Amino acid sequence: QVQLVESGGGLVQPGGSLRLSCAASGNRYGIRFTGWYRQAPDKQREMVATITGGGVPTYADSVKGRFTFSEENAENAIYLQMNNLKPEDTAVYYCRFIFQDFSGSWGQGIRVTVSS
């Protein structure tokens, strides 16, 4: 069974940085799609950044120029470098993997709080 484990969240002041990690284990197939999503209190889950087929990342307009999404395929891991964080970035962040057999998994969610 596939397991995704996230790490790297926490509390940071506005303008600060955090790096989220997500590692997959137990998958039998290669990776088709990866992404980061977030859900703020009382809001729907939204896309932050995605990569399809190892291509160029796609970013939500709200994070362009501040967040960088990368993959480390040899480690089945993805990362989200978040710079110049704003209070509106406060949310629970989820990683998402879809594999070549079209099965998918979500990470457990990790909280990011941006506050002074």
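The values are calculated or read from the model by the stated rules, or taken from the named source; none is laboratory data. Everything numeric in this text was worked out from a predicted model, so none of it was measured. Cβ sites come from the backbone with ideal geometry, for glycine too, and all protein chains shown count toward neighbours. All accessible areas refer to the heavy atoms of the entire protein, side chains included, with ligands and DNA or RNA removed. Shrake-Rupley method; radii C 1.70, N 1.55, O 1.52, S 1.80 Å.
Sites listed here are trypsin sites (Lys or Arg not before Pro) in the range 62-104 whose DSSP assignment is loop and whose Cβ has at most 16 other Cβ atoms within 10 Å: 64, 66. Taking all protein chains into account, the per residue accessible area for the range 30-116 stands at 52 Å² (1.4 Å probe).
When the solvent-accessible area of the range 1-90 is split by element, carbon and sulfur atoms take up 45 percent of it, the probe being 1.4 Å.
Of 106, 36, the residue with the largest accessible area leads and the full order is 106, 36 (1.4 Å probe).
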